[in-house]
Amino acid sequence: MSDAAIELAGVNKWFGDFHVLKNIDLTVKTGEKVVVCGPSGSGKSTVVRCINQLEKHQKGTIRVDGVELTDDPKSVATIRSEVGMVFQQFNLFPHLTVLENLTLGPIKARGLSRKEAEEKARHYLARVHIPDQADKRPTQLSGGQQQRVAIARSLCMEPRVLLFDEPTSALDPEMISEVLDVMVELAEEGMTMVVVTHEMGFARKVADKMIFMDAGEIVEQGHPEHFFTNPQSERCRKFLSQILQH
Amino acid sequence: MKKLLLIAPFLLLTGCSSSQTWGWYVIDPTTASGWTNVKFLISGMGATIQISLIAAVLSIAIGLLVALPGLSEKRSWRLVNRVYVEFIRAIPLLPMLFWVFYGLPIVFQSMGLNIPIDPFWGAIITLAISDSAFTAEIYRAGIQSIARGQREAAQTIGLNYIQTMRYVILPQAIRRILPPLANQFIYIVKMSAFASVIGMQELTRRANELVVTEYRPLEIYTLLIFEYLILVLIISAGVRWLERRMGADERG
C-alpha cells in the first residue's frame, strides 16, 4: 500500500459549459494536513466534494487509499466509508437527538449494536468537549457546538481521512475558535485532513501543505512557510494580501 | 324586500313555498316509515368509509412509489414519473371508473386471466389510481423541501439510498406531507360518490334509490349532503389535530 491517502490526477469537471475544475493534480499523504484556499467560485469546495463523490468528476482519476473512484456503487461505498466530511452548514439531522445523529451511521451502515454505537458516540462527544449534550436536539445547541457534533458524527465512522468544507464560515466569530481548537487537536493526533478554509491562523499552525486555487486551477502549492512569506504567483500574492490585511 | 331575500332560503327549506308541497316526513325519524328511510340512507355510510379508507391507503403507497423516480438524478426515471402523473391527472374520474369497471375485466380476459371486478374494488382501484397522481406530487414537493445537505450528510456517514430515505429524509418530510395528504383524503371521500353509478351501495346510491321510490329529491339529497358534511368535518378535525401535533413537534 502506498502512503498516499488521496491521489487526484488530471481531474476535470464541468457544470454544464462551466469548466469548474481544470486538470487538478493533488496528492495527500497519510497523516498529512492540507489546507485549500482561494477566492469564492475557485472550485475549492468542488475538489473536496469530488473526493467522496458528492460531485462526479468527468475526467481524470481519484484514488482513496489506492481504490479508484468509479461509477461502480461499490467503489463509492468503499471510499465513503473511509472518508468523513464536515460541512459548512453542519447538516445535522434536526429530527434526531445528538446521540442519535452520532449512532445512525455506525448502527445502520456499520452494523454495530446500539450499545457499542452509543459508547463510541459518547467517547467522541467527550473528545469534542461536549459530553453532556447527548440528549438534546441539534437546534438547541449553539453553532459552534453543532459543528463539533458534526465533527464527532464523522469521527464515529472512524474515517481514514476527514474533509472539511469551510467548517467555520457559517459560525459567529466567537464560536470559531472552539471548532478550530478541536480541529487542531485532531491534526495533532495524526488524522489525515483536507480543509477548505480562510482561517489562515489555523493553516499556519497545522498545515503541512497549502493549496491556492483560482478559476478551477491549482495555482500554487507549497509548504506554509514559503507559501505565506514568498508566494510565487501574482494571483496568490494578491489573494493573501486581501485576506491577511485585517 | 331585503328582508325577504334573507329569509328566502329558510322559507324554501321549511316548506313555505306556495307552488309545491314539502315532505320532510320522508326522513322524519319520529315516524316508523321515516326512520326506516333514514336507516336505509345512513346504511351506505359503511361502504363509503371503507372505499375511501382503502383507496386512500393504496393511494398513499402508490403515490410514494411514483414520487421516488421523480426525484432521481436520471432523466429516464424522472420521465416515468412525469408520464404517470400527467396521464393519470388528465383522466376525469367518471370515464376512468367506466374503463376500470367495464373495460379492465375484458383486458384481463384477453390475457387469459379470470379476474372479475366488482363495484367495490372497481371504485377503490379507480379512486386510488386517480388520486395517486396527486399524492405523488405531494410527496415530491415534500421530499424536495428537505435541504440537499441532509441527503449528502447521510451519504457521507455511509447510508444507502433506502436508509437515507427511511431514517433521514422521510421522517423530516412527513411533517410537510401529512397535512396535504390528509386534505387529499377529503377529496377521495367526496369522489367516492361516483361509485354509485356502477352500482356500489354507498351513500349516494342509497339516496338515489330512495328518491326513485319516494319522489322526494330535495329532502333526501339534503340529508345526503349533510352526511358527507359530517364525514368531511370529522376528517378536517383530524387534519387540524395532526397539524398542531406536527407543529408542536417541530418546535420541540
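The label point for B:Tyr102 and the one for A:Asp3, both projected 7 Å from the Cα toward the Cβ, are 8.3 nm apart. With the convex hull constructed from alpha-carbon coordinates only, chain B shows a mean projected area of 20.9 nm² over all directions. Identify the residues of the range B:58-76 with backbone N under 19 Å of a label point that sits 7 angstrom from the Cα of B:Gln144 along the Cα-to-Cβ direction, or state none. It comes to B:63-76, nothing else. Structural descriptor for chain A: relative contact order 26 percent, calculated from alpha carbon pairs under 8 angstrom and at least 6 residues apart.
Along its principal axes, the range A:147-191 has C-alpha extents of 29, 18, 15 angstrom, given from the largest down. Each of the peptides A:80-93, A:161-174 was scored by the mean count of other Cβ atoms within 10 Å over its residues; in descending order, highest first, they stand as A:80-93, A:161-174. Can you tell me how the protein assembly as shown classifies by the Cα gyration tensor, rounded, prolate or oblate, using a/c under 1.5 as the rounded cut? Note, shape of the protein assembly as shown comes out prolate. Shape class for the range A:1-92: rounded, because the ratio a/c of the largest to smallest gyration tensor axis (alpha-carbon atoms, square roots of eigenvalues) is under 1.5.
Considering only A:Ile6, A:Gly41, A:Thr27, the residue lying farthest towards the positive end of the dipole of the range A:1-51 is A:Gly41, judged by Cα position with unit charges set on Cβ.
Considering only DSSP beta bridges with both partners in the protein assembly as shown, what is the antiparallel share in %, to the nearest 5? If I count the DSSP bridges inside the protein assembly as shown, around 55 percent turn out antiparallel.
Sorted largest first, the spans of the alpha carbon positions of the range B:164-251 along the three principal axes are 58, 24, 12 Å. Among A:Met183, A:Met175, B:Met45, sorting on how many other beta-carbon atoms sit within 10 Å of each Cβ, with the fewest leading, yields B:Met45, A:Met175, A:Met183.
How many percent of Cα pairs in chain A exceed 22 Å? Tail fraction, whole percent: 54.
Under a Gaussian network description of chain B, with springs only between Cα atoms under 10 Å, the residue in B:Ala136, B:Ala56, B:Ala153 that fluctuates furthest is B:Ala153. Once both axes come from the Cα atoms, what is the angle between helix A:173-188 and the longest principal axis of chain A, in degrees from 0 to 90, rounded to 10? The angle comes out near 90 degrees. Note on the range B:135-250: dipole from Cβ charges, positive end direction compared against B:Met191, B:Gln172, B:Gln201; the farthest Cα belongs to B:Gln172.
Compactness of the range A:163-238, taken as the C-alpha radius of gyration over 2.2 N^0.38 Å, stands at 1.14.
Taking the longest Cα principal axis of chain B as reference, the axis of helix B:170-191 is set at about 30 degrees.
Each helix, a run of at least 4 DSSP H residues, gives -39500 (n - 2.57); summed and divided by the residues of chain B, these come to -24500 deg cm²/dmol at 222 nm. The radius of gyration of the Cα set in the range B:181-221, together with its Dmax, comes out at 12.2, 39 angstrom.
Residues considered: B:Leu210, B:Leu159, B:Leu104. Largest GNM mean-square fluctuation over chain B, using C-alpha springs under 10 Å, is found at B:Leu159. Say R0 is 60 Å: what FRET efficiency, to the nearest 0.05, do B:Asp118 and A:Ile243 get from their beta-carbon distance? It comes out at approximately 0.20. Given B:Val100, B:Leu242, B:Ile49, which one lies farthest toward the positive end of the charge dipole of chain B, if we put +1 on the Cβ of every Lys and Arg and -1 on the Cβ of every Asp and Glu? Result: B:Leu242, furthest along the dipole toward the positive end.
The C-alpha atoms of chain B define a longest principal axis, and helix B:217-251 lies at about 30 degrees to it.
The sum of -39500 (n - 2.57) across all DSSP H runs of n ≥ 4, divided by the residue count of chain A, sets its helix-only mean residue ellipticity at 222 nm to -11500 deg cm²/dmol.
The string of couplings for the range A:224-234 from the Karplus curve (6.51, -1.76, 1.60, θ = phi - 60°) is x, 4, 5, 4, 7, 8, 9, x, 7, 9, 4 Hz, one whole number per residue in order, with x for Gly and Pro.
FYI, it's all coordinate maths here, none of it is from the lab. Everything numeric in this text was worked out from a predicted model, so none of it was measured. In this analysis, Cβ positions are derived from the backbone assuming ideal geometry, glycine residues included, and neighbour counts consider all displayed protein chains.
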